[in-house]
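Just so it is clear, none of the values below were taken in a lab; they were calculated from the coordinates. Just so it is clear, the structure is predicted and the values come from calculations on it, not from any experiment. Note that we place each Cβ from the backbone using ideal geometry, even for glycine, and neighbour counts take in every protein chain shown.
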Amino acid sequence: MMKFNDLLVLLRLSVLDPEQGGRAVMALNPPMSVRWMVLALAVVGAVLFQFVPLVLTGQTEGMVSPLWPTLAQGAMNLAIVLLITLVGRAAGGKGSFPDALLLVGWLQSISLIFMAVLLVAGIFGPGVELPVIVGSILLTIWMIVGFICAVHGFQSKGLVLVGSILVLVVFSMVLSLILMMLGFAPMGVGDV
């Protein structure tokens, strides 16, 4: 059974050396149901962080149901897991879907800490929020690259970073094209 201190050690290792942290998380080898739960709880937590401030400040008029953002975030995370698995394997990696699922769930769980810090920083104003946002983005990129190296056994973090950016660009373009063909126009394009 994991203790809170064990989680803190994994968190610290994941931030300082994501490749080693990713290996340590994978070494836990939890059952598949736990891997899905980690991702699901992180997705629900992220959506709560979006809605709780609105509820606390009374800005609930016109608020959409949390179901749709939860489903969208879950689908995007699943797409990321699939991309990490499939593109990584196509590039010669040895990773598996269950390990990619676990590490994406772990990354999203760590992101909840970033969201909490951002929520607190929001109290002090935009001057404090911007460095927190930039730091969170950079740490997330740092960790995802390390986690991909850990999952697939890749040696070059630079190549993984470049490959990840290219995959993200191509995936975004394909997704945008599919959504437009389904009738979902990008914001501001409706009356062109």
Problem set entry | trypsin sites (Lys or Arg not before Pro) lying in DSSP loop within segment 89-192, provided at most 12 other Cβ fall within 10 Å | LYS94
Problem set entry | Per residue, the convex hull volume that the Cα atoms of segment 52-116 enclose (Å³) | 91
Problem set entry | Extension reserve of the LEU166-THR140 stretch, reckoned as 0.36 nm per residue once the Cα distance is removed | 7.7 nm
Seminar exercise, completed: By Cβ neighbour count within 10 Å, fewest first, SER111, SER172 rank SER172, SER111
Problem set entry | Cβ-based exposure ranking for LEU48, LEU101, LEU182, in which fewest neighbours within 10 Å come first | LEU182, LEU48, LEU101
Exercise. Which value, in debye to the nearest 20, describes the size of the charge dipole of the chain about its Cα centre when Lys and Arg Cβ atoms bear +1, Asp and Glu Cβ atoms bear -1, and nothing else is charged?
Worked result: 540
Exercise. Span-like helices, the chain: DSSP H, alpha-carbon axial extent 30 Å or more, mean Kyte-Doolittle 0.0 or greater, which ones?
Worked result: 32-56, 67-90, 97-124, 126-152, 157-181
For this session: Using R₀ = 35 Å, calculate the FRET efficiency as 1/(1 + (r/R₀)^6) where r is the Cβ-Cβ separation of LYS3 and LEU48; round to 0.05.
Result: 0.90
Exercise. Once you put a point 7 Å from the Cα of ALA72 and another 7 Å from the Cα of LEU159, both along the Cβ direction, what distance in nm separates them?
Worked result: 3.6
Problem set entry | Longest to shortest principal axis, alpha-carbon extents of segment 39-192, angstrom | 51, 39, 28
For this session: Assuming R0 = 25 Å, can you tell me the calculated FRET efficiency for the pair MET115 and MET181, based on Cβ-Cβ distance, to the nearest 0.05?
Result: 0.15
Problem set entry | Protection-proxy order for peptides 37-47, 116-126, 67-77, each taking the mean of Cβ atoms within 10 Å per residue, highest first | 37-47, 67-77, 116-126
